[in-house]
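Asks: Handing you a structure now.
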Amino acid sequence: MQATGKFVIESMDLDNAGNASSTIKKMLTEAGVSKSIIKRVSIAIYEAEINVVIHSYGGTCTYYIDDEKIRVVFEDTGPGIEDIEQALEPGFSTANNQAITYGFGAGMGLMNIKNASDEFDITSSHLGTTLDIKIYFN
């Protein structure tokens with residue numbers, strides 16, 4: 001299976017949050033990828049998508065699928081993550097009231113992404129954040 005694509009993610013567009021993870025989950029299911037891998041991919045992508053929606057000014061999700069793995073790169077614009085190590089601590093959250101009202105902001109997103117991924121790389125500055133994750137099929 002070979003596939004690439006890109007999704008645009010709008011800031012605070014909670015009604016469409018999850019479109020990328022749902023679409024990719026469907027593609028992997030149709031390709032016969034194992035349920036355990038699909039579960040990990042879905043968790044990682046959904047959590048990252050939500051983080052872009054509630055914490056940034058918007059961004060993109062670009063995916064690359066080959067026979068061995070899926071690589072997903074999230075790039076957003078500002079305000080960035082001040083302290084990545086702190087953001088990886090369970091329960092740490094900077095979610096606003098609107099996100100909390102929708103049930104988000106528990107402070108588990110980055111940790112869930114890292115735990116679901118085989119490779120996890122994140123960089124951030126006041127200009128934005130880039131998250132690059134890989135999940136291998138075997």
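The values are calculated or read from the model by the stated rules, or taken from the named source; none is laboratory data. Being a predicted model, the structure only gives us computed values, none of them experimental. Neighbour counts run over all protein chains shown; Cβ positions are idealised from the backbone, glycine included.
Asks: Quick check, is Leu127 within 21 Å of Ala17 (Cα to Cα), of a type outside the set (D, E, K, R) and either more than 16 Å from the chain's Cα centre (by Cα) or modelled with pLDDT of 95 or more (or both)?
Replies: Criteria not met by Leu127.
Asks: Does Gly18 satisfy being farther than 21 Å from Ala116 by Cα and modelled with pLDDT under 95? Write out each step before concluding.
Replies: On the way: farther than 21 Å from Ala116 by Cα: no; modelled with pLDDT under 95: yes.
So Gly18 does not fit the description; no.
Asks: For the structure I just gave you, tell me whether Lys69 is over 19 Å from Thr129 (Cα atoms) and without any contact (Cβ under 8 Å) to a residue 12 or more places away in the chain.
Replies: In short, no.
Asks: Within segment 42-64, is even one residue acidic (Asp, Glu) and within 11 Å of the chain's Cα centre (by Cα)?
Replies: yes
Asks: Further, regarding this structure: For residues that are at negative phi, surrounded by fewer than 16 Cβ atoms within 10 Å (Cβ to Cβ) and part of a loop (DSSP other than H, G, I, E, B), tally how many sit in segment 12-41.
Replies: Of the residues in segment 12-41, 5 are at negative phi, surrounded by fewer than 16 Cβ atoms within 10 Å (Cβ to Cβ) and part of a loop (DSSP other than H, G, I, E, B).
Asks: Quick one: which of Tyr46, Tyr63 is touching a strand residue (DSSP E or B) at 6+ places or on another chain (Cβ under 8 Å), under 26 Å from Ile81 (Cβ atoms) and either surrounded by fewer than 17 Cβ atoms within 10 Å (Cβ to Cβ) or of a type in the set (Ser, Thr, Tyr) (or both)?
Replies: On the way: Tyr46 fails: touching a strand residue (DSSP E or B) at 6+ places or on another chain (Cβ under 8 Å).
Answer to the selection: Tyr63.
Asks: Would you confirm, using the coordinates I've provided, whether Ile84 is crowded, with 17+ Cβ neighbours inside 10 Å and touching a Ser or Thr at 6+ places or on another chain (Cβ under 9 Å)?
Replies: No, not satisfied.
Asks: Residues of segment 1-11 being under 18 Å from Gly58 (Cβ atoms) and either among the hydroxyl-bearing types (Ser, Thr, Tyr) or part of a loop (DSSP other than H, G, I, E, B) (or both), which ones?
Replies: Selection gives Glu10, Ser11.
Asks: Suppose we keep only residues that are within 25 Å of Thr77 (Cβ to Cβ) and aliphatic (A, V, I, L, M) within segment 1-11. Which one would you say is surrounded by the most Cβ atoms within 10 Å (Cβ to Cβ)?
Replies: Ile9
Asks: Hey, any hits in segment 87-96 for a residue that's over 19 Å from Asp121 (Cα atoms), of a type in the set (Val, Ile, Thr) and more than 14 Å from the chain's Cα centre (by Cα)?
Replies: Among the residues of segment 87-96, at least one is over 19 Å from Asp121 (Cα atoms), of a type in the set (Val, Ile, Thr) and more than 14 Å from the chain's Cα centre (by Cα), which makes the answer yes.
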